[in-house]
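So the structure is just underneath, and the comments pick up after that.
Every number here is computed from the coordinates shown, using simple stated rules; none is lab data. The structure presented is a predicted model; accordingly, all values stated were derived computationally and were not measured. Here the Cβ positions follow ideal geometry from the backbone for every residue, glycine too, while neighbour counts run over all protein chains shown.
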Ligand SMILES: Cc1ncc(COP(=O)(O)O)c(C=O)c1O
């Protein structure tokens, strides 16, 4: 369906999208009320989420969007997945909504199911509440390992993101990111991110090999879905192994089948990371995160303080188990075998537009890299006006990460809308 200015005034109605006539993001009383009592960093897109089902999001006026965000890479199994709802209800009806870190059946079942599907050497799991907390623990485990083995450096990448806490800021972005705190960790070394696919891993830029405690790697760089060259990561992993340095992948956005396999690092080839940080799509719904690692790394003499008040909440664990079982089912695996190649093809086809520098895509995530930030933001806003919801990065990119349950026809329709907008805008500016 081609949406002209005229049809937009009339509204949009397809089987998957519904936008009322005259829809505008400019007037949202709920958004204005929330803005009054929340800090500035609140979501800048004033779209009310009233309900979300599978790969659709609806507001409180009956408008409906094809969701290309999964919330923010959470709803891998689809929003309000019936199996997950059922598991949550069952747990609620069992009258166990919280259990501190006492043993619960719910936690045991989820942990056992995840370990069964994970590489054997990653035999221990600590459950937490958020990705930031998981990365805080990853930092701690690498530090403690380094102390024990006389290795002092952590190597990370410029521009990568690992959460919001102080230790997260110390390993994210660049050396200045934690500057607000006055706290410095001179033992964290930032490497340039290898945006150029020809880049080779160069140990000469690193501190002495035997002094490196670990590498922290965001499986892909979030804002633009930038992947490392495969040989780069494989050489890094071999180098780390040879020199006794740990390899930690931050799988927050890449995990739980987003890139195809269960864990995103597996798309780089056969390697054995020491630590995986998990969150977001782990439950497709309620807050839960975790660290999966070799058991020996948790055997610290230091009091690592691995658990918090809500770690391994039984309702979150029930949701996580249902999500994992759903996404691992042969039916869903077969669906993704069909949708992933289509998604990759559709996204790559956008590279022909003059506003676009390149499109990064793997599995069901993509970063459309624009020449200008303003153009990327305008395209996001126009997508929303036409019933498609991508991730607004406030940078020179648009990010696309639909629930993994999205159908082939929804992929075609949603990317078709983006294509239509890019085409109109490139014609009107030429
Ligand atoms: C790669 C990565 N690491 C860590 C985090 C932090 O996770 P959370 O927001 O759950 O604390 C995020 C969140 O966006 C992320 O994308």
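Efficiency by 1/(1 + (r/R0)^6): what FRET value for residue 148 and residue 409, r their Cβ-Cβ distance, R0 = 41 Å, to the nearest 0.05? Here the calculated transfer efficiency is 0.15. Using just its DSSP H runs of length 4 or more, each adding -39500 (n - 2.57), the chain gives a mean residue ellipticity at 222 nm of -11000 deg cm²/dmol after division by all residues.
Centre-to-centre separation between the Cα atoms of the stretch 312-363 and those of the stretch 199-258: 23 Å. For a modelled paramagnetic label at residue 426, 7 Å from Cα along Cα-to-Cβ, the residues of the stretch 334-351 in reach, with backbone nitrogen under 13 Å, are 348-351. The mean sequence separation of alpha-carbon pairs under 8 Å and at least six residues apart, normalised by the residue count of the stretch 82-327, gives a relative contact order of 32 percent.
Taking the DSSP beta bridges in the stretch 82-327 as the whole, what percent of them are antiparallel, to the nearest 5? Of those bridges, close to 40 percent are antiparallel. For the stretch 227-331, the alpha carbon convex hull comes to 117 Å³ per residue, rounded to a whole number. Projecting label points 7 angstrom from Cα along Cα→Cβ for residue 186 and residue 166 puts them 1.9 nm apart. Summary value for the chain: 22 percent relative contact order, contacts being C-alpha pairs under 8 angstrom separated by 6+ residues. Note on the stretch 82-327: Cα convex hull, mean projected area over all directions, 13.2 nm².
The equivalent ellipsoid that matches the C-alpha gyration tensor of the stretch 283-343 spans semi-axes of 32, 16, 9 angstrom, in descending order.
Model label points for residue 43 and residue 124, set 7 angstrom from Cα along the Cα-to-Cβ axis, are 3.8 nm apart. So, R0 is 45 Å and r is the distance between the beta-carbons of residue 15 and residue 72; what FRET efficiency does that work out to, to 0.05? The formula returns an efficiency of 0.95 here. When the inverse distances between all different Cα atoms of the stretch 154-286 are averaged and flipped, the Kirkwood radius reads 15.2 angstrom. Shown for 352, 399: other C-beta atoms within 10 Å of each C-beta, ranked fewest to most, produce the order 352, 399.
For the stretch 314-403, the fraction of C-alpha pairs farther apart than 15 angstrom is 66 percent. For the stretch 255-336, the relative contact order is 28 percent, taking Cα pairs closer than 8 Å that sit 6 or more residues apart in sequence and dividing their mean separation by the residue count. Length, then width, then depth: along the principal axes, the Cα atoms of the stretch 53-94 run 36, 23, 13 Å. Counting other Cβ atoms within 10 Å as a rough exposure proxy, the listed residues 250, 59 run 59, 250 from fewest neighbours to most.
The reciprocal of the average 1/r between distinct C-alpha atoms defines the Kirkwood hydrodynamic radius, which for the chain equals 22.7 Å.
Take the Cβ atoms of residue 352 and residue 24, set R0 to 45 Å, and the FRET efficiency comes out at 0.90.
Among DSSP beta bridges whose residues both lie in the chain, state the antiparallel percentage, nearest 5. Roughly 65 percent of the beta bridges in the chain run antiparallel, per DSSP. Working note: Cα gyration tensor of the stretch 321-373, eigenvalues times five, square-rooted, sorted largest first, giving semi-axes of 30, 12, 5 Å.
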